[in-house]
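What follows draws every value from the coordinates through simple rules; no lab data is involved. Everything numeric in this text was worked out from a predicted model, so none of it was measured. Using ideal geometry, Cβ is built from the backbone for each residue, glycine included, and neighbour counts are taken over all protein chains shown.
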Amino acid sequence: MKKELDKNFNPSEAEDRIYKNWLNKGYFNVKIDKAKKPYTIVMPPPNITGQLHMGHALNSTIQDILIRTKRMQGYNALLLPGTDHASISTEVKVVEKLAKEGIKKEDIGREEFLKHVWDWKETYGNKIVEQFKKMGISCDWSRQRFTLDSGLNKAVEEVFIKLYKKGYIYKGKKLVNWCPQCKTTISDAEVNYIDNEGYFWYFKYPINGTDEFLTFATTRPETILGDTSIAVNPNDIRYKKFIGMTVTVPIVNRVIPIIADDYVEMDFGTGVVKITPAHDPNDFEVGERHNLPIINVMNDDGSINDVCEAYKGLDRYEAREKIVEEFKNLGLFVKKEEIKNSVGTHERCNCVIEPLIKEQWFVKMDEMVKPAIEEFKNNNLRFIPDRFGKIYMNWLENMHDWCISRQLWWGHRIPAYYCDDCHEIIVSSEKPIKCSKCGGTNIKQDEDTLDTWFSSALWPFSTLGWPENTEDLNYFYPTDVLVTAYDIIFFWVVRMVFSALEQTNQLPFKDVLIHGLVRDSEGRKMSKSLGNGINPLDVIEKYGTDALRLTLIGGNSPGNDQRFYWEKVEVNRNFLNKVWNATRFILMNLEEASPKYSKEDLTPADKWILSKLNSLIMEVTNLIDNYELGIAIQKIYDFIWEYYCDWYIEMVKPRLYNKNDPTRNIALWTLKEVLINSLKLLHPYAPFITEEIFNSIQDEEDTIVLSNWPKYNKEFVFEKEEKDIEIIKTAVKNIRYLRAEMNVVPSRKVKTILVTQEENISNIFKDSESFFKTLAYSSELIIKDNNDQIDNDYVSVVISGGAIYMPFLELVDIEKELLRLNKEKEKLESEVNRVNKKLSNEGFVSKAPQKLIEAEKEKQIKYEKTLEEVLEQIKRLSK
RNA sequence: GGUCGCUUAGCUCAGUUGGGAGAGCGCCUGCCUUACAAGCAGGAUGUCAUAGGUUCAAGUCCUAUAGUGACCACCA
């Protein structure tokens, strides 16, 4: 035996070595085992363009804690990893890279371009995976998936075809969000509305056949080129007489009708609205109601098209200014007003999106969301914390049809084919040889790809082999919990739920555990532009992964944001150092690996710590089951530091230092037993250091990863000893307090006299004599049963059921001591008062639980006794 | 406009079903005591935002108000 640990744990050396060993041994790899219950988490796939940030670190740590706990509890625990192809992000990145080399994607063509992207993915796409490994995440890497791998492609095609046949996917010409920068459609969820300081321009149109005008306001004058009507509220007496007449749009000289529609609010602006169905969602609807023509004025890059020769090719913002000028020249400009509004921008490139009419593919949502709503209402899907269920419902209940086609090359290509001859649409996983309608052979595949989220939505089951009816799918699916941040509920969670219900008839997971964001120390979001981001890898390098993980989980509850502080990491590193050193201490004293256990030998102190550990095990297990990871780690932290290190180890030292002490062996056994179990509870949070320590105190090579989770054990419930030791602790604390107040240096030993008439107390003290010598620096402990035997030159401290005396020392100031005792007296009096008041309250006595009343009564006696003692002391010193 | 958070010690935050207010950091005092100064011992600090209500009992439940933040919708 006799192993030794270095003075400090060295994370940078140990972590990689340990993780490598775990991988070599295949501890995280999971095979179907019908004898074991599965526990499955499918990890949210990070983008291949991504770098590990604090959000990932937090997200993966939570999942790893759950998985490691379940693994130790005997579940077949699978944490399934993978990455997302991130269509737009990746495509933009590669386009930029090629641009630097002077290559345009249009020039090299689709196939060649995709080769470049795959190359890029091979080089950079796995970076983030390696970073997850640094976090110590216990994934089954042999199952790693990619949203664009062939299996997932199969799943995507299957879903597309099924939904098309069912009529849930359709092609339609509708107003969509268009990004002129990325030149692709985007979904509603990808549009960010940001506050903007803009203008309201007021113009007027001459009403034909009169000499009157209609004045209206717009924030986007360039869309005037596409006006096909002007609208007023049907009940607006100001304008009623004009309904049915026409105005002429200058510049394009288009005659358009004045129509009435409820959509127009009378008291907003001038109560007159220009209608541009091709460039505004509301106008589009008005247009449909009134059968208005749709005139598109813009090219895909946001420039003006040939709707008007004079403006052709101008950028939308240049056109805006020119139109304002033109209206001024024509005398039809009224005024310009500063206003605050919001503009929709593309979340990826921040470019202002343009609503445009496009023929695109859509998923019909109204029917598909119904089961997702139903399951939630039936409490089959649980959000933690539950308030996030509202966000989920809000999205489902207000979902518009989902535009899924993207004008990008990197992604799942839409499995739709067009016959050049008869324009038939054929949806199929294989390219048809000839048209099913006309037999023509000029067949082309749709050029577009699918929204990234279309494949992410299938992630919980596609990764397990769906659409094949695989054994994995039957065994591991549905998964147990999804862990994600709140900002992605509407993007992803809702889509996974309705997709899973539609395709597999099952919820993809039972619980959705939501966490918050990691902000900087001033509470700001970490962002590239602010440059305030903290790289988790830097933290790991400085303090180690375990310290980072503890920092992210501790002092925080589900769903809430947290701030990152370096100080917090340091505190956690210090805690781990504490655990490390406690182990060193035990190893110093441990001659043989396995001290023998016999229950009869256990001393009260041993029983106390074992009993405390026992409660801790139960608490922590329940807390983790309820996803209260922050509270659980706090309990572990306090137990190890306060109960185990500060008290138990200190209490046990005299027994260890005396090799002839008959209780020495059981002390070592208890030390080791409690340490190992604490380590196990700590392991999911701090996997590396716990593994290192676990191995150092075992003779045989073993791993904590596959060790058994500690179990609550009725054998180790010791209520009496818990109470007794608490009495000792209180006494020791009081003595320490008194010594500090009296400025007695620790090295100076002082006689301690206990006076008590309670046999129980004196017995406890007798049993614990050594604690007073070591913990309270007593030279000797004398137990008496009568105050009269105490001389006047003693200071005292009162405990429940007795008083402890120490000889006066030269520096003691009687006045000061009396002051202290009087303070004590006041405190006790107010306590006695409180308890008496409570117990004389009829309502309390009749309605409060019996247990509580008993406890209060006990306190009443205790306080009264103690107060009596204090009064006695005051009397003694006042003589 | 709608929904939802948050407000607890100087700072950052816990406080899981209502039952005498907690941690870490910081601050003050004393200690290099043979595991640990990344440490040990002791100490000070709170009208739990405000006002009502429910209850024997409220930081915890309900209502309103204020401050603050997030999300959603609208913005001709």
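Of the trypsin sites (Lys or Arg not before Pro) in the stretch A:59-116, the ones in a loop by DSSP (not H, G, I, E or B) with at most 16 other beta carbons within 10 Å are A:Lys104. Distance from the Cα centroid of the stretch A:683-750 to that of the stretch A:1-58 is 28 Å (rounded to whole angstrom). Can you pull a Stokes-Einstein diffusion coefficient for chain A at 25 °C (0.890 mPa s), Rh from Kirkwood over Cα pairs, as a whole number of µm²/s? In µm²/s, the coefficient rounds to 73. Only one residue of A:Cys422, A:Leu610, A:Ser762 has its Cα farthest out toward the positive end of the dipole of chain A, where Lys and Arg carry +1 and Asp and Glu -1 on Cβ, and that residue is A:Ser762.
For the residue pairs A:Lys93/A:Lys358; A:Lys204/A:Lys340; A:Lys204/A:Lys336; A:Lys115/A:Lys434, alpha carbon separations beyond 20 Å are given by A:Lys93/A:Lys358; A:Lys204/A:Lys340; A:Lys115/A:Lys434. Considering only alpha-carbon pairs that sit under 8 angstrom and 6 or more positions apart, the relative contact order computed for chain A is 12 percent. Taking every DSSP bridge with both residues inside chain A, close to 70 percent are antiparallel.
Over 26 Å apart at the Cα level, from the set A:Lys37/A:Lys578; A:Lys173/A:Lys431; A:Lys274/A:Lys312; A:Lys749/A:Lys859; A:Lys672/A:Lys723; A:Lys723/A:Lys766, are A:Lys37/A:Lys578; A:Lys749/A:Lys859. The trypsin sites (Lys or Arg not before Pro) of the stretch A:252-335 include none that meets both conditions, a loop assignment by DSSP and at most 10 other Cβ atoms within 10 Å of the site Cβ. Sequence neighbours fewer than 8 away in the same chain don't count; with that in mind, list the aspartates and glutamates whose C-alpha is under 20 Å from A:Lys241. Qualifying aspartates and glutamates at Cα under 20 Å: A:Asp211, A:Glu212, A:Asp261, A:Asp262, A:Glu265, A:Asp267. Taking all Cα-Cα distances within the stretch A:341-487, those exceeding 21 Å account for 64%.
Principal semi-axes of the equivalent ellipsoid, √(5λ) from the alpha carbon gyration tensor of the stretch A:178-335, are 25, 19, 15 Å from largest down.
What the phi angles of the stretch A:489-504 give under the Karplus curve with 6.51, -1.76 and 1.60, with θ = phi - 60°, is a coupling list of 4, 6, 5, 10, 4, 4, 6, 5, 5, 6, 5, 5, 5, 5, 8, 10 Hz, glycine and proline written as x. The mean sequence separation of alpha-carbon pairs under 8 Å and at least six residues apart, normalised by the residue count of the stretch A:291-411, gives a relative contact order of 18 percent.
Using the structure shown, list the pairs from A:Lys784/A:Lys827; A:Lys653/A:Lys729; A:Lys390/A:Lys510; A:Lys127/A:Lys568; A:Lys171/A:Lys444; A:Lys827/A:Lys862 with a Cα-Cα distance above 18 Å, or answer none. Over 18 Å apart, Cα to Cα: A:Lys784/A:Lys827; A:Lys127/A:Lys568. Here is the list for the stretch A:335-430: GluC sites (Glu not before Pro) lying in DSSP coil, each with at most 10 other C-beta atoms within 10 angstrom of its C-beta, are A:Glu430. Between the amide H of A:Val247 and those of A:Asn208, A:Ile256, A:Ile258, distances stay under 5 Å, these residues lying 5 or more places away or on another chain, with hydrogens modeled in the peptide plane. Comparing Cα centroids, the stretch A:335-389 and the stretch A:65-88 end up 28 angstrom apart.
Electrostatic bookkeeping for A:Leu482 treats Lys and Arg as +1 and Asp and Glu as -1; over the other residues with beta carbon under 13 Å from its beta carbon, the sum is +1. A simple count of charges around A:Glu741, restricted to other residues whose Cβ falls under 12 Å of its Cβ and scoring Lys, Arg +1 and Asp, Glu -1, yields +2.
Helical content of chain A, expressed as a calculated mean residue ellipticity at 222 nm, amounts to -13500 deg cm²/dmol (DSSP H runs of 4 or more residues, -39,500 (n - 2.57) each, divided by residue number, nearest 500). Each Cα pair under 8 Å and six or more residues apart adds its sequence gap; the mean of these over the residue count of the stretch A:211-337 is a relative contact order of 25 percent. Looking at the stretch A:724-879, the DSSP beta bridges with both ends there are about 65 percent antiparallel. May I ask for the distance between the Cα centers of the stretch A:612-674 and the stretch A:541-611, given as a whole number of Å? That distance is 9 Å. Judged by the mean number of other Cβ atoms found within 10 Å, the most tightly packed of the peptides A:559-568, A:739-748, A:844-853, A:223-232 leads the ranking A:223-232, A:559-568, A:739-748, A:844-853. Given axes a ≥ b ≥ c from the Cα gyration tensor, I'd like to know whether the stretch A:496-557 is rounded (a/c under 1.5), prolate (a/b larger than b/c) or oblate. Prolate, since a/c reaches 1.5 and a/b exceeds b/c.
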